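Since every read-out is calculated from the coordinates, none of them should be taken as a lab result. A quick note: this is a predicted structure, and the numbers were derived from the prediction, not measured. Neighbour counts run over all protein chains shown; Cβ positions are idealised from the backbone, glycine included.
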Amino acid sequence: MIPQNNPLANYLALKDEIDDALQEVLANGWYILGKETEAFEREFADFVGARYAVGVANGTEAICLALKAFRIGYGDRVLTVSHTAVATIAAIEMCGAVPVFVDIDPATHNLDPGLLAEGVTENTKAVVPVHLYGRPADLGPLLDFARRHRLVVIEDCAQAHGAMYEGRRVGSWGDGGAFSFYPTKNLGALGDGGAVTTSNPKIYGRLLALRQYGWNEKRISCTPGFNSRLDELQAAVLRVKLRHLEANNRKRIQWAGRYTDHLKSLPVKLPLEIAGGRTHVYHQYVLQCGDKPTRDDLMGFLGTKGIRCAIHYPVPVHLQPFYVERFGKCDPLPATESACERILSLPMFPELNPEDIDTICTRIHEFFGAPDQRHAS
Ligand SMILES: *Cc1c(COP(=O)(O)O)cnc(C)c1O
């Protein structure tokens, strides 16, 4: 069986280093917001290229606290996509704001900045672009638009740790960057975790207060706050894994290239190639099927061969039961709605090997009744 994702393999690959780091925290006796978290925050901020990083409890709260730090809340409208993890939308609603959906560019699956203008009203305060699947969103035109309309930009980087846009990492472009360290992400903890990056000292101060009861340095609450902290065990694991993130992203990019080489002759749409100072870090390798055979046919076939795929995401957020009553009648999102029926995420994690990719591709060729030229002997 080839799984779609494999956090256990990622732990085992670094077992000795991780076990040592965990032992040290266990013996140290300080378990929440201590020296591991501080060190991780410094290392992660340096990695991203932002002045500050603030460890929080998960990626959803990272987005919510980032918006709150910019005083975005009740009555404010926040532009984002419906083709994303529900978490993006849940986070916007958690801070009291109203998500407004912008359609995606079907070629990249990311927010189409050309459509932002249609969603703007006087109550629009922010944009949350998602770097979906590990591909940086089209930040140039998006940031121009945001500047012209005085909108705060919080990048949802939950799937794109290490991805570059014009030579600089995502999370360093917007007013803030929100990261998740859910175990299956490119940088994953052994539990929940998240972080907000920013280069704005005032926002940094507000984030520190927001994540812990609204406390100031004297542990006196001066603003409303939450409990959204990163714990020392997770921070210690993340410090180890951060040292291997670039090597692991290179593996993902290598597997993606191998998939593309094998599959380019087939009647499926493969991820658009990326160039010019941008890197796609392939949190997912997502292909698109045509009308017939369908995506479900291909996924079912691969399932019978022991190859697990996934769909990210099968139903756009605005059409999910909880949201459809409120957002089902929003302007149509044709690219979002059509992508959902065609997309398929193939197995993708650093610990795959070339033989796995070849096996998967041979099966996909078999499904389409075409020999795999790369391996025809
Ligand atoms: C995983 C994810 C989140 C949320 O992260 P959690 O840590 O699960 O709260 C937000 N946005 C996107 C795009 C994600 O993939």
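General observations
- Here the dipole of segment 43-105 is about 260 debye; that uses its Cα centre as origin and unit charges on the Cβ of Lys and Arg (positive) and Asp and Glu (negative).
- Note on segment 150-205: antiparallel DSSP beta bridges, both residues inside, total approximately 65 percent of the bridges counted.
- Fully extending the segment from THR304 to TRP30, taken as 0.36 nm per residue of separation minus the present Cα-Cα distance, adds 93.8 nm.
- Check: segment 7-240 dipole with +1 on Lys, Arg Cβ and -1 on Asp, Glu Cβ, in debye: 800
- Computed from the Cβ-Cβ distance with R0 of 41 Å, the FRET efficiency linking ARG148 to ASP20 stands at 0.20.
- Taking the charge dipole of segment 10-168 about its Cα centre, with +1 at Lys and Arg Cβ atoms and -1 at Asp and Glu Cβ atoms, the residue from ALA69, ALA13, GLY162 reaching farthest to the positive side is ALA69.
- Per-residue Cβ neighbour counts within 10 Å put ASP297, ASP356, ASP76 in the sequence ASP297, ASP356, ASP76, beginning with the fewest.
- Candidates GLN320, GLN159, GLN254: whichever shows maximal mean-square fluctuation once the chain is modelled as a Gaussian network with Cα springs under 10 Å: GLN320
- Highest-MSF residue in the chain out of VAL48, VAL170, VAL86 [GNM, Cα springs under 10 Å]: VAL86
- Degrees separating the helix 295-304 axis from the principal Cα axis of the chain, which is the longest one: 80
- Among the listed pairs LYS241/LYS292; LYS125/LYS329; LYS269/LYS305; LYS264/LYS305; LYS305/LYS329; LYS35/LYS68, a Cα-Cα separation exceeding 30 Å is found for LYS241/LYS292; LYS305/LYS329.
- Secondary structure note: in the chain, about 60% of the DSSP beta bridges are antiparallel.
- Nearest-ten-degree value, helix 35-48 long axis tilted from longest Cα axis of the chain: 60
- Options ASN186, PRO354, HIS149, ranked by Cα towards positive dipole end of the chain, top entry (Cβ charges): HIS149
- Of GLY276, VAL120, PHE368, farthest towards positive along the dipole that unit charges on Lys, Arg, Asp, Glu beta carbons give the chain: VAL120
- Chymotrypsin sites (Phe, Trp or Tyr not before Pro) restricted to segment 281-377 and DSSP loop, no more than 10 other C-beta within 10 Å: none
- Across ALA275, ALA195, ALA335, mean-square fluctuation computed from a Gaussian network of the chain (C-alpha pairs under 10 Å connected) peaks at ALA275.
- If R0 is taken as 35 Å, the Cβ-Cβ distance between SER265 and ALA13 corresponds to a FRET efficiency of 0.60.
- Put a plus charge on the Cβ of each Lys and Arg, a minus charge on the Cβ of each Asp and Glu, and nothing anywhere else: the dipole of segment 245-376 about its Cα centre is then about 160 debye.
- Using θ = phi - 60° and Karplus 6.51 cos²θ - 1.76 cosθ + 1.60, couplings along segment 242-247 (whole Hz; Gly, Pro as x): 4, 5, 10, 4, 5, 5
- 0 to 90° range, to nearest 10: angle between helix 15-28 axis and the chain longest Cα axis: 20
- All-pairs Cα distance distribution in segment 1-55, expressed in whole percent, bin size 5 Å: 4, 16, 16, 16, 21, 16, 6, 4, 1
- Estimated vicinal HN-Hα couplings, Hz - segment 186-199 in sequence order (Karplus 6.51, -1.76, 1.60; Gly, Pro = x): 4, 10, x, 7, 9, x, 7, x, x, 7, 10, 10, 7, 10
- Cα-only radius of gyration and Dmax that characterise the chain, units Å: 20.9, 72
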